[in-house]
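Q: Structure below; questions to follow.
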Amino acid sequence: MHHLRKTMASFIALGLITLVTAQAFAKEITIRGRLQKTVEAGGWLIVADKQKYLLLNAQRFQTEKWFRESTEVEAVGETKPDVMTIYMEGTPFEVKTMRPLTSEGEASQEKVTDGRPGTRVLVSGDSIVQAQPDTAVITLAVVTQAKRALDAQQENANKSDAVVRALKAAAGAGAEVKTSGYSVQPQRVYKENQPPTIVGYEARNSVTVTLGDLTKVGTVIDAAAQAGANDITGISFTLRKDRPARDEALSQATREAVAKAQVIAQALGGRVSRIVEVQEEGTIRPRPVYQGDLATFGTKVAGAPTPVEIGSLDITSRVQLIALVEPG
């Protein structure tokens, strides 16, 4: 009998341990992190530091405007260690309440260093700086056709050699002339209910010219056309020494973001105490492209090269920052 009571006491002890463990797993916790999609279709995570929490009831919040990737949120809920998913990406987590910590122009409360309540404001700044390009890139090709592949190839080699020599002479010593592509392809005729028939071959030798003297662009185009180039794709302009323009664009975007934060702070009756976080979202450098009519190339009167209008480049920068506003 004594042995039986001892055994039952052991079972009870084990039951109590199990109950305590289940209660520990079911304990309500609060996590802060960023929303992120999972590898599973329709799945969502909250990534907090190096820990991932798999949202079991994400659909409950997906109608909210703030529910999107990278939104910083605070969620209250319980972990569910007994739930199994296909990939098990993160700890299963059932959310009871969830709210965004920051949003564009909106704020969340936090404590500043002196213990007074502060307001975090997320703002962005954009800027466009115009700069004149310092480099032109001309892309052209020599295209030849013949019944036999060898004939198309040999004719192309002769014309391409003449074009390259003309380009180097017209562009000058500081320019770069290089082959950017070469191909020999069959030309096929397609008829209904019949296999395609090869009627000839086309050889293409593409050449790229990069030069810093933009006044020679028209002359180079004409020299290439007169030497035998019969497929001139166009011209793109770029800025090799772009650091000053990029720095200016970044500086203007930052100043605009700070100015927005100050305006919001004044509207809230406070002031910007400090900048909590700054993130550069990238600089864009589009290239204006010129494309002319091939029929006019090489037909200009001597001394009157093909006119090329060189536009300015737009250097675009965007900065996002979080400012801390405290009461005035």
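Rule-based calculations on the coordinates, nothing more; no lab input. Everything numeric here is computed off the predicted structure, so don't read it as measured data. Cβ coordinates were reconstructed from backbone atoms using ideal geometry, including for glycine residues, and neighbour counts include every protein chain displayed.
Q: Describe numerically, in nm with one decimal, the distance between label points set 7 Å from Cα along Cα→Cβ at R255 and at T91.
A: Output for this residue pair reads 4.8 nm.
Q: How long is the gain from D247 to Q59 if the chain were fully straight, where each residue apart is worth 0.36 nm and the alpha carbon distance is subtracted?
A: Working: separation 188, 0.36 × 188 = 67.68 nm, distance 4.31 nm.
Stretched fully, the D247-Q59 segment lengthens by 63.4 nm.
Q: Taking the Cα centre as origin and putting +1 on Lys and Arg beta-carbons and -1 on Asp and Glu beta-carbons, what dipole magnitude results for the stretch 135-238, to the nearest 20 debye? All intermediate terms of the calculation are to be shown ahead of the outcome.
A: On the way: 10 positive and 9 negative charges, 37 e Å.
Dipole of the stretch 135-238, to the nearest 20 debye: 180 debye.
Q: Using a Förster radius of 51 Å, what is the FRET efficiency between E202 and S312 based on their Cβ-Cβ separation? Nearest 0.05, please.
A: On the way: r = 38 Å, r/R0 = 0.75.
Given R0 = 51 Å and the Cβ-Cβ separation, E is 0.85.
Q: Is the shape of the stretch 152-255 best called rounded, prolate or oblate, per the rule: a/c under 1.5 gives rounded, else a/b larger than b/c gives prolate, else oblate, with a ≥ b ≥ c the square roots of the Cα gyration tensor eigenvalues?
A: oblate
Q: How much FRET efficiency would the formula 1/(1 + (r/R0)^6) give for K168 and T238, where r is the Cβ-Cβ distance and R0 is 22 Å, rounded to 0.05?
A: On the way: r = 21 Å, r/R0 = 0.96.
About 0.55, to the nearest 0.05.
Q: Using mean Cβ contacts within 10 Å as the protection proxy, how do 182-191, 248-257, 307-316 order, highest first? Before the final figure, lay out each step's value.
A: Values: 182-191: 11.7, 248-257: 19.0, 307-316: 15.5.
Per-residue mean Cβ counts within 10 Å order the peptides as 248-257, 307-316, 182-191.
Q: Also, I was wondering about something else. What is the distance, in nm, between label points placed 7 Å from the Cα along the Cα-to-Cβ direction at L214 and at K191?
A: Those two pseudo-labels are separated by 5.5 nm.
Q: Something else: Net charge around G33, counting only other residues with Cβ within less than 11 Å of its Cβ (Lys, Arg = +1; Asp, Glu = -1)?
A: Summing Lys/Arg as +1 and Asp/Glu as -1 gives +1.
Q: Mind checking which of Q194, N158, I221 is farthest towards the positive end of the stretch 135-238's charge dipole, using Cβ charges of +1 (Lys, Arg) and -1 (Asp, Glu) about the Cα centre?
A: Q194
Q: Gain in length, F67 to Q153, computed as 0.36 nm per residue apart minus the alpha-carbon separation, to one decimal in nm?
A: Numbers: separation 86, 0.36 × 86 = 30.96 nm, distance 5.95 nm.
Taking F67 through Q153 to full extension adds about 25.0 nm, to one decimal.
Q: For the stretch 136-243, which GluC sites (Glu not before Pro) are in a loop by DSSP, counting at most 13 other Cβ atoms within 10 Å?
A: Numbers: sites: E155, E176, E192, E202; in loops: E192.
In loop regions of the stretch 136-243 (DSSP not H, G, I, E or B), the sparsely surrounded GluC sites (Glu not before Pro) are E192.
Q: Please report the net charge: other residues with Cβ closer than 10 Å to the Cβ of T144, K and R +1, D and E -1. Please report the intermediate quantities before stating the final value.
A: On the way: positive: K159, R204; negative: D151, E155, E202.
Every neighbour counted, the sum reads -1.
Q: Using the Cα centre of the stretch 175-284 as the reference point, and only Cβ charges (+1 on K/R, -1 on D/E), how large is the resulting charge dipole? Debye, rounded to the nearest 20.
A: Numbers: 13 positive and 13 negative charges, 43 e Å.
For the stretch 175-284, the charge dipole is close to 200 debye.
Q: Here's another thing I want to ask about it. Could you run the Karplus curve 6.51 cos²θ - 1.76 cosθ + 1.60 with θ = phi - 60° over the stretch 224-241 and give me ³J(HN,Hα) per residue in whole Hz, x for Gly and Pro?
A: 5, 5, 5, 7, x, 5, 10, 9, 9, 5, x, 10, 10, 10, 9, 10, 6, 8
Q: Could I have the simple spin-label model distance between D126 and R34, label points 7 Å from Cα toward Cβ, reported in nm to one decimal?
A: So the two model labels end up 2.1 nm from each other.
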